[in-house]
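Below is one structure, written out as structure tokens, with a few remarks after it.
No lab work stands behind these numbers, since they all come straight from the coordinates. Bear in mind that the values here come from a model prediction, so they are computed numbers and not experimental data. Cβ placement follows ideal geometry from the backbone for every residue including glycine, while neighbour counts extend to all protein chains displayed.
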Amino acid sequence: MPKTCSRPGCAERAVAQVSYTYALSEVVVGPVDDYPEPGTYTLCQTHLDRLKAPKGWTVLQRGHPVVPSLSAAEIEALADEVRRVGLGGTEVDGTEQSLSDRSNLVTLASRAHLRVVADASRYASARR
């Protein structure tokens, strides 16, 4: 569900997140985060266009991270490699590893539908 503008009475979709750094006299404008920090505000385009920084303050624009564009061939090669590792296995340290055998996996962390997993035997030896 898209975030809405923080301004009272406005139900428009938020396009930016704004925070104020009082110690540095800065207004930081950036993309809307999934997990906003306390003290940040989300603004729609109309309210963002009306935003004025206090006198003597600097407005910093924080953009989206630059993601290199991939060609269709590069995307297909990446997908093939993910399929190969996920279905068939891969060789690590000269031994064949298979991801289809999940009995030896341990979950290290999780958030929502994502999990960080590791080989239990390797993780146990690294913790000693």
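Quick one: which residues, 5 or more positions from LYS3 or on another chain, have an amide H under 5 Å from its amide H? H modelled 1.01 Å from N in the peptide plane, none for Pro or chain starts.
ALA14
What is the distance, in nm, between label points placed 7 Å from the Cα along the Cα-to-Cβ direction at ALA23 and at ALA109?
Taking the simple label geometry, ALA23 and ALA109 are separated by 2.5 nm.
Gain in length, LEU60 to GLU74, computed as 0.36 nm per residue apart minus the alpha-carbon separation, to one decimal in nm?
1.6 nm
Estimate the FRET efficiency between GLU37 and ARG13 by the formula 1/(1 + (r/R0)^6), using the beta-carbon distance for r and 25 Å for R0, to the nearest 0.05.
Values: r = 20 Å, r/R0 = 0.80.
Working from the Cβ atoms, E equals 0.80.
Starting at the first residue of region 29-36, write each ³J(HN,Hα) from the Karplus equation 6.51 cos²θ - 1.76 cosθ + 1.60 with θ = phi - 60°, in whole Hz, x for Gly and Pro.
Per residue, the Karplus-derived 3J(HN,Hα) values read 10, x, x, 5, 8, 5, 10, x Hz.
Whose amide H sits under 5 Å from the amide H of THR42, counting only residues 5 or more places off or on another chain, with H placed in the peptide plane?
SER6, VAL18
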